[in-house]
Amino acid sequence: MSEHTITFEIDGVEVRASHGQTVMVAADVAGIYIPRLCAFDGLPPYGSCRVCTVKINGRFQSACTQPVAEGIIVENETEELLEFRRNIIDMLFVEGNHFCMFCEKSGNCELQALAYRFGIAAPKYPYMFPADRNVDASHKDIFIDHNRCILCARCVRASRDLDGKNVFQFVGRGPGKRIAVNAQAKLVDTNIDVSDKAVEVCPVGAILKKHVGFTIPIGQRKYDHEPIGADIEANKQ
Amino acid sequence: MAKPKIATTSLAGCFGCHMSILDIDERILQLVELIDFDKSPINDIKEFTGECLVGIVEGGCANEENVRVLQDFRKHCKILVSLGDCAINGGLPAMRNTISLKECLDEAYLNGPSVHNPSGRIPNDPEIPLLLDKVYPCHEVVKVDYYLPGCPPTADTIWQTLVALLSDKPIDLPYELVKYD
Amino acid sequence: MSDNLETVVKTICTGFENDKTRMIDIVRELQECLGHVSDDAMDLIAEQVGTHRVEVESVVSFYAFFSKEQKGKITIRLCDDIIDRMFGFERIKQAFSDTLGISVGETTPDGLITLEVTPCIGMCDQAPAVMINDEIFTELSGDAAVEIVEQLRAGIPPERLRRRLGDGNNSNPLVSAAVSNNIRKFGEVIFAPLECGNALRKALSMSPNEVVRAVKTARLRGRGGAGFPTGMKWDFTRAAEGERKFVICNADEGEPGTFKDRVILTERPELLIEGMVIAGYAIGAQEGVIYLRGEYAYLRPFLEDTLQKARNMGMLGNDVMGHNGFNFDIRIQMGAGAYICGEETALISSCEGLRGDPKNRPPFPAQKGYLDCPTSVNNVETLCCVARIIDQGAGWFSQIGSKGSTGTKLLSIGGDIRRPGVYEVPFGMTMHDVLEMAGGTGAAAVQVGGPSGELIGPDMYDRIICYDDLATGGALMVFGPERNLLEVVEYFMDFFIEESCGYCTPCRVGNVLLKQRLVDIIHGQGEPSDLTYLEELGASVKATSRCGLGQTSPNPILSSLKNFRPLYQALVKEGQQFQPTFNIQNALSTAKDIAGRPSMHFAE
């Protein structure tokens, strides 16, 4: 166990952490769940989805990138923050084409699971139904469905930092930002392999392995019975 | 005292949500003790006979008739419920939303690999409702009061919701009953 | 893949020592040279500098001035700013479009000319304006547009097109621009006469700590808009560990309505250079970078020359002004059409040859900035203030202006006023006095600080230009009573959507949703609850966005809702039975066309 040298507060609960930890990691250890999408164990913090927005000493920060500091006061489950987070989840749902009813990832999807946790029955924003999202099924074992991509950069980071390959990177900007592959045309032209970490880390159904869809029956999937974050909350003392 | 009335309809849906309503099984006997059905495929009443407490809508709006029926529901029902994913986000029919209407019709009636259409014409009888430019979720056409996601929502979800609405209690569904598939 | 392409790419990359952190320069040169950066070119660049081709593509696709598709030899970029729209943008667009026979976004069939639009190019006081390659043309008429096209077709290169040169250094052969300075008020800090080298000499006679202390005593705050205390920023950078440190001058003046840095760069570049060297001395940096926005490329030869003169005078280079062991030099980094790069960490990303994505903070640039070295990023005007503070004294400086806002501020004033241009005024003026000064007393509204700032009306003209009240980087856009303010708001939202980097969800998605509902309201398809919708959505975007752009992007809507609510209230309708945003006739129009018959349920 590392030595706890820093003490701070999340929603009035005293949390001890070690120097250099992020607020999110310290909260995880303490059994306090801060919702997230782009953050992933083993990947460098990225801070793009903003679902983990907390208030630290009165300022909004992303918990996944913010280091702990002595005596900071962190707000996590306030009405204000829950509303903001819900709005971000809603934004992600309307931004893409998320058809859960036929998606292989359904039941194991982190975006869907967050919506379940927040009790979202329908997003409050109008659906955009973007027409410019395509599917790249060129590779024999892997496909990319851009309709479902939430631009979290997990694949970008995993391919670069864990696989040492740089198969993915973003192109374009603003609402036109997309994931691209390290080839002139298609995924099949890259050196990606089905065993790459980059294929595992996608929180939604945007990067999936072929031939293994719908193998887990309904009722046995990750978020069928327990909300996302329940595993972290089980650590609570 | 007259029993409150419920109306149901399936717009651009597959009737799967209505199957799920029937899946409440023997509880339907309890239900008819509490309510009467007005316009609904369950009793085949085609037009509203009066004001309803609850309107349950399956499916989104794909054509002008869907819009007319949905507006009719909004006019006649105090509480409007979007039942299932198609009502909430367009569902499978909304897959056409990323393709132009012309392209959809051409593919369906002229170019599709399984099409046999020697006339080369796209059906255009005046009786056929015109399609909308895209499939709209119900709440983007009229105001909707409650949403029950699922493809379909389970019978328990529907039952618990109806019981809450009829007893004027807040709808508080357990985690396992709010699912999108 | 042609051998020629390979040679060109190799030559360009080698010119930048195959350094992938110079990617913006490499791509910029290739774009200039060949009119596009093709798929093959990206592969070659990646190979040459040792990176992945998708990294090159990510850069090419980010900046507005780069393109994968072949562009014409000449690119005409029409400045599509709200002020330009007020002063004839449509007329100019039509003239160019008609004469060229193409629409915006197209290239003439002979491959000669591409027509594009671009946000504010910093010429709001002389609108309408266009960029033709790097050359600027202002106060254009439709006839002038026709004449320009004729000359270009006759083979006259953009830099030799007929034009009337502007005042001051705009007539310098190295600038030779048809741009006017329009300095309407010379203040005592920036536009006072300059004796080159005085400030630097004084600084070098002090210890670096004393220099920082002087800046702190003067209570100098950043002039870019955020107003961070400059001395404190320097303290952090100075204290940070690192052999190599940097001073970066933020000359990416992109906030629509702002053009004051353009005038400083034209008329007081020596003052800026002195300020940068002093900053370098104070924080212990050896290198400086001027990040010059792509739209100001026409100033580059002149600035390079000014830097060379400074080197010749011993103000740059080794042992600056004979000060043993203090070496400092400056390079110019060109931008390539991305407003977000005015955000300091995005600017650093761009200098490093990356997409202009802002970085996570912490670490702050002062600890880990450009190339992971401690870096102080300061605005052009701020650095000029520094030179004056050292020259004239911190006490002198802090006497000017108001208590929390010392010194002068350059205001870029454009729009419905009689005397548009740059004004150097002490902090503490009321808006009323500013409008009187600029000849705009009948103004119905003023956008203070650009789209990210605040829209205020006559009942607020007693507010004061200073950090504690109307804080501004200096842009004031004035709107007369005949202007449609919601159109202005809509334009500003389009601007933020266009310029968002797309990194974080709320800014990337939220602004599109905000604009969509705004347009619904403008079209009479709104209801009172939509105002709350806008406010709540705007609050979410403000609170959860990752950088300053996102955090201020809903401001056009939020501030107009706050200060001009009746404009919205007049458009929304209460008690609508169905969703007013749904329009059945629009939804059916395609099907009616295809079927060739009317709706059976919904008469028009």
Self-check item: Fraction of antiparallel bridges per DSSP, chain C only, in percent to nearest 5
Solution: 45 percent
Self-check item: Percentage relative contact order, chain C, counting C-alpha pairs under 8 Å, at least six apart
Solution: 13 percent
Practice problem: Let me know the mean shielding of A:86-96 by other chains, meaning the per-residue number of their Cβ atoms within 10 Å of its Cβ. | Solution: 5
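Compute the signed sum of charges (Lys and Arg +1, Asp and Glu -1) over the other residues within less than 13 Å, Cβ to Cβ, of C:Asn484.
Residues near C:Asn484 contribute -2 overall.
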Quiz item: Taking the stretch C:485-569 on its own, what percent of its Cα-Cα pair distances exceed 21 Å?
Solution: 19 percent
Quiz prompt | Distance between modelled label sites at A:Lys236 and B:Ile79, nm, 7 Å Cα→Cβ extension | solution = 3.1 nm
Practice problem: Could you pull out the trypsin sites (Lys or Arg not before Pro) across the stretch B:1-62 that fall in loop regions by DSSP (anything but H, G, I, E, B) with no more than 13 other Cβ atoms inside 10 Å? | Solution: B:Lys46
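Restricting to chain B, what percent of DSSP beta bridges are antiparallel, rounded to 5? Before the final figure, lay out each step's value.
Numbers: 4 of 20 bridges.
Taking every DSSP beta bridge within chain B, about 20 percent pair in antiparallel fashion.
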Self-check item: Relative contact order %, the stretch C:212-266, counting alpha carbon pairs below 8 Å whose residues are six or more apart
Solution: 21 percent
Quiz item: Using a ≥ b ≥ c from the Cα gyration tensor of the protein assembly as shown (square roots of the eigenvalues), is it rounded, prolate or oblate, where a/c under 1.5 gives rounded and otherwise the larger of a/b and b/c decides, a/b for prolate?
Solution: prolate
Practice problem: Hey, can you grab everything whose amide H is under 5 Å from the amide H of C:Gln579? Only 5+ residues off in sequence or another chain; H modelled, so Pro and N-termini drop out. | Solution: B:Val142, B:Lys143
Practice problem: Compute the distance in nm between two label points, each set 7 Å from the Cα along the Cα-to-Cβ direction, one at A:Ala69 and one at C:Thr532. | Solution: 3.7 nm
Quiz item: Which whole-number percent is the relative contact order of chain A (Cα, under 8 Å, 6+ apart)?
Solution: 21 percent
Exercise. Using amide H atoms built 1.01 Å from N in the peptide plane, name the residues 5+ places from A:Ile72, or on other chains, whose amide H lies under 5 Å from its own.
Key: A:Glu9
Self-check item: Span per principal axis, largest first, for the Cα atoms of chain C (Å)
Solution: 89, 65, 47
Self-check item: Proximal charge balance of C:Glu381 [Cβ under 10 Å; K/R count +1, D/E count -1]
Solution: +1
Self-check item: Residue-span extension gain [B:Lys46 to B:Leu29] - 0.36 nm each, minus C-alpha spacing
Solution: 3.9 nm
Quiz item: How far is the Cα center of the stretch C:492-525 from the Cα center of the stretch A:60-80, in Å?
Solution: 28 Å
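In the stretch C:184-399, how does Rg compare with the Kirkwood Rh, expressed as the Rg/Rh ratio over alpha carbon atoms? The partial results should precede the final answer.
Details: Rg = 15.7 Å, Rh = 16.9 Å.
Result for the stretch C:184-399 is an Rg/Rh of 0.93.
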Quiz item: Which lysines does B:Lys46 reach when only Cα atoms under 16 Å apart count, and residues fewer than 8 places away in its own chain are ignored?
Solution: B:Lys5, B:Lys75
Self-check item: Gaussian network model of chain A, springs between alpha carbon atoms under 10 Å - residue of A:Ile192, A:Ile179, A:Ile216 with greatest fluctuation
Solution: A:Ile216
Quiz item: What is the order of C:Met477, B:Met19, fewest Cβ neighbours within 10 Å to most?
Solution: B:Met19, C:Met477
Exercise. Can you figure out the FRET efficiency of C:Ser97 with B:Leu166, using R₀ = 51 Å and their beta-carbon distance, to the nearest 0.05?
Key: 0.20
Quiz prompt | Per-residue average of Cβ from other chains inside 10 Å of C:45-54 | solution = 3
Exercise. Taking amide H positions as placed in the peptide plane 1.01 Å from N, state which residues far from B:Leu11 in sequence (5 or more) or on other chains have amide H under 5 Å from it.
Key: B:Glu58, B:Gly59
Self-check item: Out-of-range pairs (alpha-carbon distance over 26 Å; input A:Lys55/A:Lys197; B:Lys143/C:Lys573; A:Lys165/C:Lys233; C:Lys20/C:Lys542; B:Lys39/C:Lys573)
Solution: A:Lys55/A:Lys197; A:Lys165/C:Lys233; C:Lys20/C:Lys542; B:Lys39/C:Lys573
Quiz item: Looking at the stretch C:370-451, which trypsin sites (Lys or Arg not before Pro) are DSSP coil and have at most 10 other C-beta atoms within 10 Å of their C-beta?
Solution: C:Arg418
Quiz item: What Cys residues in chain A have no fellow cysteine's beta-carbon under 4.7 angstrom?
Solution: A:Cys52, A:Cys64, A:Cys100, A:Cys103, A:Cys109, A:Cys149, A:Cys155, A:Cys202
Quiz item: Roughly speaking, what is the centre-to-centre gap between the stretch C:390-435 and the stretch C:145-200 when only Cα atoms are used, to the nearest Å?
Solution: 24 Å
Quiz item: Looking at the stretch C:1-43, which trypsin sites (Lys or Arg not before Pro) are DSSP coil and have at most 16 other C-beta atoms within 10 Å of their C-beta?
Solution: none
Quiz item: Counting Lys +1, Arg +1, Asp -1, Glu -1, what net charge surrounds C:Leu470 among other residues with beta carbon under 15 Å of its beta carbon?
Solution: -2
Quiz item: Label B:Leu110 and C:Lys562 with points 7 Å out from Cα along Cα→Cβ: what is the distance between them in nm?
Solution: 5.5 nm
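Bear in mind that the values in this text are calculations on the coordinates, not laboratory data. None of the values given here were measured: they were computed from a predicted structure. Neighbour counts are summed over all protein chains in view; Cβ atoms, including those assigned to glycine, are modelled from backbone coordinates with ideal geometry.
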